[in-house]
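Presented below is the structure to which this report refers.
Nothing in this text is a laboratory measurement; each read-out follows from the coordinates by a stated rule. It should be emphasised that the depicted structure is a prediction, and the values quoted were computed from it without experimental measurement. In this analysis, Cβ positions are derived from the backbone assuming ideal geometry, glycine residues included, and neighbour counts consider all displayed protein chains.
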Amino acid sequence: MHNAEAKIKRIVIVGGGTAGWLAANHLAADVSEDVVITLVESPSIPTIGVGEGTVPVIVDSLKKFGIHESDMFRLCDATFKNGIHFVGWNKPVNGQPHCYFHPFDDPNVNGVNLLPYWLHQLPGARERFDQSVSIQTHIALENRAPKLITNAEYERLINYAFHLDAGKFSALLAKHAIDNRQVKYIQDDVESVELALDGSISGLQLKQGPLLEGDLFIDCSGFQSLLLGKALNTPFIDKSDVLFANHAVVTQVPYEREQEVPPYTISTAQQAGWIWDIGLQTRKGVGHVYSDQFTSHEQAHRDLSAYLGRSEDVVESRLIKMQVGYRAQAWVKNCIGIGLSQGFVEPLEATGLLVFDLAARMLSKRLPEQREDMPAIAQQFNQHMSHTWQSIVDFIKLHYCISNRDDSEFWRMNRALETIPDSLQHKLALWRSDIPNEYDFVSSLDVFRLENHLYVLYGMNYPSRCKYPSPQKVSQQEGMINLVSQQQQKAVAMLETHSKLVAKAARYGFQ
Ligand code: FAD
C-alpha cells in the first residue's frame, strides 16, 4: 500500500520565461490529468528576452505539444535556420575573412566517411570541408529554405530549426499550456520559500496570494535561481575560467528595405568575443557576446554599432550580465532547476533552449509518482545534466582553442593550456593522432555528436593525421563527393528562396 500523502499531485513552476513554459508543456503532455500543474510568474520581473536561435530538436518538442508549424511563422516572427555561418574565427585567408558553416546535415553521405578524402584534397574535394560534404551548407548559402510549401507541417527534407522572437514564442507556449491542458497560471511575486524539516520545499509565500503549496517545485526563475540556488544553497560551478564571455550587449534592428533574410545564424568573431546576427521576418536580433576582462562595455557597444554600420549614438543596446556555469546538482530534494536557474554558457551553438528542452523532456518522462521514488530519479537526472554541461563546455571551448587568431589577448588566452579542460585536451590529442570516430561519443544523450565536432574541427582546419584511403575507398568516396555536388545543384534548383517560403508559410501555412 502506498501512502496517498506521498503521491506527487501538485507541481509548481516558478517563472514564465521560455524555460518555464517549455517545462509546463512537456509536463502537460506526459503527466496524468490528476496532477495539477501551476505556473507562477512575477508581474514585474521581465523575462531575459533573448534566445532566438534554436536547434532541430525543437521541432520534436513542438510536434509533441501539438503546436502547429504555421503558428511559428504566423505568431512568432519565425524564419528557418539551416545552421550557423562562422566568420573570422581563424586568421583571414588571402585577405578574406575565414568562414565555415555548421549545418544540421550528416557529413557522412550514405554512410560513407568523406573526411579522409577531403583531408587529402583528392579530386572533386573543395577547399572547404562543409562545401565538400554538406548539401545543407549549399542550400543555406544560396538563401534557400530547407523545405517546400507543399510539404506537410514539420516534414523534413533535411534537418532544420527556427529563429524566433523569444517573447512571442513564450506567449505561444503559455497560451497552449493554459488552453489545452489547463495549466494554472498565477501572476504574483514569490517573496520567500518555506522549507520542511527534511530541507525540501513545502511552499512559496506569494506577495498577494496565500502560501502556494506543492509536492514538486521547478525553478525556472532565471539567473537569480530563486529556489535551487538561493533557497537550497546549491553550489554553482563557475566556468568563466574556461569560457571567458560573461556579458552581452543586445539590440534589435528593423529592416529598412525589403531584403533576403539569411536562413542561418551569422556568428562573427570579434577581438574579445563574437556577434550573433539572427534575421526574423520583421527585424534582426543582434548581440555582441564578450568578456569584460578583455574589453570594456563601451567598446563592446562601439563594436556592435560598427558591425551594424551605424553610429554608436543611434544604436540602442541593452547590457546583459551572464553567469557562466551550472549548478552542481540540477535536482535537489523536491526541486529541479530548468533554464538559466540551472546553468548557462554563451549562446554560440544555441545551447540554451536545447539543454532546457532536454531537461524538461527527461523530467516529464521520468516524473516520480511518489516522493520515495525521487532520490533514485534525481541521482540519474543529475548525472545526465552534469555530463551534458561538461560536454557542452568542451564543445564551445573547442571553437576558441583551436583558432589560430593571435590579434588580441582574448584569443591568445583561449589557447592557454590551463584554460582548456583536461577532458577536451584529451580529445584534442586523440584527434591530432587520428580523425574522430563514433567511439569518441558513447553517450546517446550527448547533445553535440560526431557530426557537430567534424564541422567545427575541419571548418577550423584542425590538423589531424589521417591515413591515405585505400584505392577502393578512394573510388567510393570520389563517387560520393560527386553525388553531393550534384545534389547541391539539384536542391538549390528545387527549393524556393527563404524569404518567399517564409512569407507563404506565414500566410497560408503548410499542408
Ligand atoms: P527568464 O527568461 O529570465 O525568465 C525568468 C522568469 O522567472 C520570468 O518570468 C520572471 O518573471 C520569473 N521570476 C523571477 N523571479 C521571480 C519571483 N520572485 N517570483 C515569481 N516569478 C519570478 N538560448 C538559445 O537557445 N538560443 C539563443 O540564441 C540564445 N541566446 C541567448 C543570448 C543571451 C545574451 C542570453 C543571456 C541567453 C541566450 N539564450 C539562448 C538562453 C535563453 O535566453 C534562455 O534559455 C531562455 O530565455 C530561458 O530563460 P529562463 O526562462 O530560464 O529565464
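Select from Gly15, Pro46, Ile275 the residue farthest towards the positive end of the dipole of the chain; place +1 on Cβ of Lys and Arg, -1 on Cβ of Asp and Glu, and compute about the Cα centre. So the residue we want is Ile275.
Between the range 21-41 and the range 164-238, the alpha-carbon centres lie 12 Å apart.
By DSSP, the beta bridges lying fully in the range 247-321 are antiparallel in about 100 percent of cases. For Tyr326, neighbours were defined as the other residues whose beta-carbon sits under 11 Å from its Cβ, and their charges (Lys and Arg +1, Asp and Glu -1) total +1.
Evaluate Rg over Rh across the range 458-511, taking Cα atoms for both radii and Kirkwood's formula for Rh.
Details: Rg = 19.0 Å, Rh = 15.0 Å.
My calculation puts Rg/Rh at 1.26.
Quick one: in the chain, what % of C-alpha pairs are over 37 Å apart? The calculated P(r) of the chain puts 31 percent of pairs beyond 37 Å. Rounded to the nearest 20 debye, the dipole size of the chain about its Cα centre is 920 debye, using +1 on the Cβ of Lys and Arg and -1 on the Cβ of Asp and Glu.
The alpha carbons of the range 13-159 occupy a box of 63, 34, 28 Å along the principal axes, longest dimension given first.
Taking 8 Å as the Cα distance limit and 6 or more residues as the minimum spacing, I'd like the relative contact order of the chain as a percentage. This gives 24 percent for the chain.
Do any of Lys64/Lys207; Lys81/Lys490; Lys365/Lys397; Lys81/Lys427; Lys321/Lys427 go past 25 Å between their Cα atoms, and which? Kindly include the intermediate steps, with their values, before the conclusion.
Values: Lys64/Lys207 35 Å; Lys81/Lys490 20 Å; Lys365/Lys397 31 Å; Lys81/Lys427 29 Å; Lys321/Lys427 31 Å.
Distance filter (> 25 Å) returns Lys64/Lys207; Lys365/Lys397; Lys81/Lys427; Lys321/Lys427.
With n ≥ 4 as the cut-off for DSSP H runs, can you work out [θ] at 222 nm for the chain, using -39500 (n - 2.57) per run divided by the number of residues, rounded to the nearest 500? Mind dumping the intermediate values first?
On the way: 15 runs with 180 residues, N = 511.
After summing the helix terms and dividing by the residues of the chain, the value is -11000 deg cm²/dmol.
Let me check I have the definition right: for the range 247-321, take the eigenvalues of the Cα gyration tensor, multiply each by 5, take square roots. What are those semi-axes in whole Å, largest first? List each step's numbers first, then the result.
Working: eigenvalues 93, 35, 19 Å².
Computed over the range 247-321, the values are 22, 13, 10 Å.
Using only side-chain charges placed at the Cβ, +1 for Lys and Arg and -1 for Asp and Glu, the dipole size of the range 247-321 relative to its Cα centre rounds to 160 debye. Please list, or write none, the aspartates and glutamates whose alpha carbon is within less than 13 Å of the alpha carbon of Lys333, excluding same-chain residues fewer than 8 places away. Here the aspartates and glutamates satisfying the reach criterion relative to Lys333 are Asp198, Asp215, Asp219, Glu372, Asp373.
Could you work out Rg/(2.2 N^0.38 Å) for the range 134-259, with Rg from alpha carbons only? All intermediate terms of the calculation are to be shown ahead of the outcome.
Details: Rg = 21.9 Å, N = 126, 2.2 N^0.38 = 13.8 Å.
Cα Rg divided by the expected 2.2 N^0.38 Å: 1.58.
Among the DSSP beta bridges whose two residues both lie in the chain, what percent are antiparallel, rounded to the nearest 5?
Values: 52 of 72 bridges.
Given both bridge residues lie in the chain, the antiparallel proportion sits at roughly 70 percent.
For the peptides 223-236, 125-138, the ranking by packing is 125-138, 223-236, with the highest mean count of neighbouring Cβ atoms within 10 Å listed first.
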